[in-house]
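Derivation of every value follows stated rules applied to the coordinates shown; laboratory data play no part. In this text, all values refer to a predicted model and were calculated from it rather than measured experimentally. When we count neighbours, we look across all protein chains shown, and the Cβ atoms used for this are built from the backbone with ideal geometry, even at glycine.
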Amino acid sequence: MENNRDAGPGRKFLEGIIVSAAIMVMFMLLQIMVSIVGIEAAMLAYMTRGGNNIQYVESALMDILSEPGYLTTLTVVATLVSTVFSVPAYWIIWGRKKTAQDKQYFREKVLRLKPFAMIIIASCGLYYLAILIAAVIAVVSPETMNDYNEMMDTALGGSQMLAMLAAVILAPVNEECIMRGLILKNLQRFFTTPVVVIIQAVLFGIFHANWVQGLYVLPVGAALGYVAVKTRSVMPSIFMHLFYNMLSFVVIFLPEFCQTGIFAISAVVVSAAAVWFMGSTERERI
């Protein structure tokens, strides 16, 4: 059988990048379809009460799209539906194929205090790095950042509990099974680790469907991909993604100084140095 890494460039591109992109688009479309169905259901409820004249329908649509509570619920439902498909898909295609050596490696090298401490420290640094990138975008294009903030407030500005459910639980599980599960594993069949990490990080940015978030999650996606490759599992990347997303709900309760640019820069530098030092002391890096 021909080794996929030795295949021609055209075939590598087709089977590697195109197939991975197709997987990403499929799950994006799934969530879009669920959202459309939810909006249409709400529209139908409006129309049964007030008729179907054009002005009323347009007014009803605007009400729905500006109601944070309903859109937050819709975000949870769309993410949940995607998760229902992504988790079994990853398990059937890749997860259940783990070898005895992979399982032993995970138990002996990954399930230890130091790797998870490194993940937590790295997550903090990445969170503040994302804040710095977002701050640069806000300076370069204030209107773009305002539009992004309004979009996020609308999508997750309803119930705080539902917002946390979507961002802290469902999104990490769903996105890791898609990006670091289905897509990264597919890319590993064709490309070397550095190329795999870069490609899946770019696709991860595109998956968020807005260029502001797409830019500041690039380093996050690269780190998550690296963790998934080194640990041979999506579980650590799910934990890292979960902790990273949770920080957005925690940082607002910290002292004001912890939300300044100086603190963000310090957090990035200190966390990077700490992770590097902890990693350099390992005889065999994770």
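Whole-Hz Karplus values for region 224-229 come out as 5, x, 4, 4, 5, 5 Hz, taken residue by residue from phi with 6.51 cos²θ - 1.76 cosθ + 1.60 and θ = phi - 60°; glycine and proline positions read x. Working ranking of peptides 263-274, 217-228, 137-148 by packing, defined as the average number of other Cβ atoms within 10 Å per residue, highest first, is 217-228, 263-274, 137-148. Where only DSSP H runs of four or more residues are counted, the chain gives -23500 deg cm²/dmol as its mean residue ellipticity at 222 nm, each run worth -39500 (n - 2.57). Judged by the mean number of other Cβ atoms found within 10 Å, the most tightly packed of the peptides 203-211, 230-238 leads the ranking 230-238, 203-211.
Largest GNM mean-square fluctuation across I18, I131, I183, computed for the chain with C-alpha springs under 10 Å, falls on I18. Lys-Lys pairs in the chain that are eight or more residues apart or on separate chains and whose Cα atoms lie under 26 Å of each other come to 19. Please check: in the Gaussian network model of the chain (C-alpha springs, under 10 Å), which one of L44, L30, L170 has the largest mean-square fluctuation. Looking only at L44, L30, L170, the largest GNM fluctuation is found for L44.
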